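Student: This structure is in structure tokens; I'll ask about it shortly.
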Amino acid sequence: MGLGDFFKNIFGKKTCAFCGGECGVMSRTKIKGDEYICSKCDDMCSNYIRKSRFTKPELEGHMEYMKRCDRIYNEVILPVTVKHTCYPSATSRQGIEFFDSFGMFRIMDSSRDHNDRYPTELFRYDQVSSYEIYIDEADAEEPGKPKVFDEGGVIIRLVGTKDDTTKMRKGLRAHPYIIEEIKVCFATNDREKEDYLKYADNVIAHFDAIFGVHDDERGLFSFGMTEKEKRDLKGTVGFAKAAMEAVKVAKDGGEMSEEQKAEIQQNLNAMEDANTDGLAAYTRAADSAEAKIN
Ligand SMILES: [Zn+2]
């Protein structure tokens, strides 16, 4: 390859594998298989995946997936969501919006929200493998001075397609595309630090509630069963009832009424909830939201 070809290869225009448009060096990303995606087509993808990991057909599938997320948000969630659980409630950067009755959340991003160019991306609660607060600090300008706050927020890790879910908390499932760590930035300067890190605490508390983290704790002045004990009892009772119901159905010659079916399903759900520390309820909610969009 001559020097001219070399520069042409790097700085020359390329064709986007998706829209066929020409894209310059600053507005394209190389994907697997020596092809390119232009910045406009890139906007149709998740903000949280490295495109170079994927081939053209894989990214085409991903864009379809993103379109479905956007439809679930606009056609299933938005019309019935009145009260939003957002931390922070309004932001000039990023935040997290929880949709508990759909078992999903989204990442608010002031640079992308309210712009139709970007599809709304949703994440299922049962795809979250861990979450934590992060605080990045920078060295002070003068030597010897304490470090200064640089940025902070929440890091969320999802279950990746290569993760062994049998070794993780029960009820988790892999995200079809994301393996990268998701950094949600709440604050980028010292002035915002105090307020915004409180919101980060709220996010952690909300995830803890979803995953039943404190459900086996008893309040100092509370009597009776913990959340976990209640759920376990319901699960045990559910199992016994489902078994009894099955025996009855078998005796009656295998015919099951709609009522019986619904009752058995309810008992099975109670067992699943006990098995997954309550996560299965969110899985059912997310499944039913997804099923509304074909
Ligand atoms: Zn394109």
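Please treat every number below as a calculation from the coordinates, not as lab data. Keep in mind that what you see is a predicted model, and the values were worked out from it rather than measured. FYI the Cβ positions are ideal-geometry reconstructions off the backbone, even for glycines, and counts take in every protein chain you see.
Student: Set Lys and Arg Cβ to +1 and Asp and Glu Cβ to -1, take the dipole of the chain about its Cα centre, and tell me which of MET271, PHE123, ASN202 lies farthest positive.
Tutor: Highest projection toward the positive end goes to PHE123.
Student: Still on this structure, please answer the following. For the chain, what does -39500 (n - 2.57) per DSSP helix run (n ≥ 4), summed and divided by total residues, give at 222 nm, in deg cm²/dmol to the nearest 500?
Tutor: Calculated at 222 nm, the ellipticity per residue is -12000 deg cm²/dmol.
Student: Order of ASP164, ASP109, ASP208 from fewest to most other C-beta atoms within 10 Å?
Tutor: Placing the least packed residue first, the sequence is ASP164, ASP208, ASP109.
Student: Counting other C-beta atoms within 10 Å, and keeping those with at most 15, which DSSP coil GluC sites (Glu not before Pro) do you find in the stretch 137-218?
Tutor: Those satisfying the criteria are GLU141, GLU180, GLU181, GLU217.
Student: What are the extents of the Cα atoms of the stretch 102-231 along their three principal axes, in Å, largest first?
Tutor: 55, 46, 31
Student: By how many nm would the segment from ILE49 to CYS19 grow when fully extended, if each residue of separation counts as 0.36 nm and the alpha-carbon distance is taken off?
Tutor: Working it through step by step, the gained length comes to 8.8 nm.
Student: Relative to the present Cα-Cα distance, how much length would full extension add between GLU132 and LYS167 at 0.36 nm per residue of separation?
Tutor: Stretched out fully, the GLU132 to LYS167 stretch lengthens by 10.6 nm.
Student: Let me ask something else about it. Please compute the length gained on full extension between LYS183 and GLU60, using 0.36 nm multiplied by the number of residues separating them and subtracting their Cα-Cα distance.
Tutor: Going from the current span to full extension adds 41.8 nm.
Student: Let's test the formula: R0 of 51 Å, r as the Cβ-Cβ distance of SER89 and LYS145. What FRET efficiency results, to the nearest 0.05?
Tutor: Plugging the Cβ-Cβ distance into 1/(1 + (r/R0)^6) gives 0.90.
Student: Compute the Rg to Rh ratio over the chain from the alpha carbon atoms, using the Kirkwood formula for Rh, and round to two decimal places.
Tutor: 1.07
Student: Of LYS13/LYS51; LYS162/LYS230; LYS83/LYS170, which ones are farther than 28 Å apart at the Cα?
Tutor: Distance filter (> 28 Å) returns LYS162/LYS230; LYS83/LYS170.
Student: Could you work out the relative contact order of the chain, using alpha carbon pairs under 8 angstrom and six or more residues apart, expressed as a whole percent?
Tutor: So the answer I get is 15 percent.
Student: Nearest 5 percent is fine: what portion of the DSSP beta bridges confined to the chain is antiparallel?
Tutor: Of the beta bridges lying entirely in the chain, close to 95 percent run antiparallel.
Student: What FRET efficiency do you get for ASP216 and MET244 if R0 is 35 Å and r is their Cβ-Cβ distance, rounded to the nearest 0.05?
Tutor: So the FRET efficiency works out to roughly 0.80.
Student: Right, next: Where is the GNM fluctuation largest for the chain (alpha-carbon springs, 10 angstrom cutoff): THR91, THR226, THR283?
Tutor: Among THR91, THR226, THR283, the largest mean-square fluctuation in the Gaussian network model of the chain belongs to THR226.
Student: Return the distance in nm (one decimal) between the two label points of a simple spin-label model at ARG191 and LYS30, each offset 7 Å from Cα along Cα→Cβ.
Tutor: Once both label points are built, they end up 4.2 nm from each other.
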